[in-house]
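Contents: one structure, followed by commentary.
Rule-based calculations on the coordinates, nothing more; no lab input. Quick caveat, the model's predicted, so the values are computed rather than measured. Ideal geometry is used to build each Cβ from the backbone, glycine not excepted, and the neighbour counts take in all protein chains shown.
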Amino acid sequence: MLLEEYDEELHIKNEKQISYEDGLEQGLEQGIQGFVREKLDDSVSTDLIREKLLRYYNLAPEDADRYISNVISCM
C-alpha cells in the first residue's frame, strides 16, 4: 500500500527547481573565478581580491581563499 499519491507535476516542478539552482550555482562559481582571474591579470594583490570577494560576493573567508588558490593553480 502506498502512503502517498504520486504527483507527477510536483515531481517535474521540483526537478526543474533543482536544475535551476544547480545552474545558478555553477554560473556564480564561474563568475567568481573570472573575477579573480581578471584581477590577478591586472596585478591586483591577493589580499585586495580577498577583500572584494568578501564584500561583493559575501563569501566566507575560507571560500574566498579557496577561489583564489584554485585560480592561481590553474594559471
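Any idea which residue in region 1-47 is nearest to I72 (Cα to Cα), counting only those that are loosely packed, with under 10 Cβ neighbours inside 10 Å and of a type in the set (D, E)?
D41
Working only within region 26-45, note down all residues that are in a helix (DSSP H, G or I), over 11 Å from the mean Cα position of the chain (by Cα) and more than 12 Å from L59 (Cβ to Cβ). Spell out the reasoning first.
If we filter region 26-45 for residues that are in a helix (DSSP H, G or I), which is where we start, we get 26-41.
Those left that are additionally over 11 Å from the mean Cα position of the chain (by Cα): 34-41.
Within region 26-45, G34, R37, E38, K39, L40, D41 qualify.
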